[in-house]
1. Please give the contour-minus-distance gain from Thr11 to His120: 0.36 nm per residue of separation, less the Cα-Cα distance, rounded to one decimal in nm.
2. Can you tell me what the convex hull of the Cα atoms of segment 64-139 projects to on average, as an area in nm²?
3. Give me Rg/Rg_expected for the chain, where Rg uses Cα atoms only and Rg_expected = 2.2 N^0.38 Å with N residues.
4. Taking the Cα centre as origin and putting +1 on Lys and Arg beta-carbons and -1 on Asp and Glu beta-carbons, what dipole magnitude results for segment 1-62, to the nearest 20 debye?
5. Along the charge dipole of segment 1-62, which of Ala42, Thr28, Tyr18 sits closest to the positive end, that is, farthest toward it, with unit charges on the beta carbon of Lys, Arg, Asp and Glu (+1, +1, -1, -1)?
6. Name the residue farthest towards the positive end of the dipole of segment 57-138 from the options Pro74, Ile104, Val138, assuming +1 on Cβ of Lys and Arg, -1 on Cβ of Asp and Glu, about the Cα centre.
7. Work out which GluC sites (Glu not before Pro) in the chain are exposed loop sites (DSSP not H, G, I, E or B, at most 10 other Cβ within 10 Å) and give the longest gap free of them.
8. Please work out, to two decimal places, the log10 of the ratio I(q)/I(0) at q = 0.13 Å⁻¹ from a Debye calculation in which every Cα of segment 1-62 carries one identical scatterer.
Amino acid sequence: MKLEDYSLVHTSVWGQLYRGIKCNICGTEALNTEMNERSVFAYNIIIKCTSCNNLLNEIYSNLRINTDESNRPPFDVNRRMVGAFLSLGKGNSAIEQFYMTMVIEGSSTTTYNSHLLKLHEESNHFKQRILDEARIAVR
């Protein structure tokens, strides 16, 4: 497995990852993981010391999509999940079933539709590029 791959990780394992690591302020090993600002499969991971409330680190669990269309661009993993279900011939209701099975707070239909629209636009752009290259190759 490469470090660039996606994986499902149960949130309870985060504490085991930094077992034995001490807070740089108070020196205790009382570190805790908080996950805030959840956006379906992406969330903000915060590592804090429970003794002195020191914030040791904070990072989003996934990358955002580069776009000029939004101040808060969507997360890559959420768009990929929509694409994965589409490639299986399934839509929003199948993703909602997946959310329920995995006990994940799902996204709205509006969010699903915005990902669907962007995937459609990317697909059309890709098809046009392939057609243009084929025309050039035939000439």
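Where a number appears in this text, it was derived from the coordinates with a stated rule and is not lab data. Bear in mind that the values here come from a model prediction, so they are computed numbers and not experimental data. Methodologically, a virtual Cβ is constructed for each residue, glycine included, from the backbone with ideal geometry; neighbour enumeration extends over all protein chains shown.
1. Taking Thr11 through His120 to full extension adds about 36.0 nm, to one decimal.
2. 6.5
3. After normalising by residue count via 2.2 N^0.38 Å, the value is 1.40.
4. It works out to roughly 160 debye.
5. Value: Thr28.
6. Val138
7. Excluding the exposed sites themselves, the longest stretch runs over 5-68.
8. Relative scattering, expressed as log10 I(q)/I(0), comes to -0.38.
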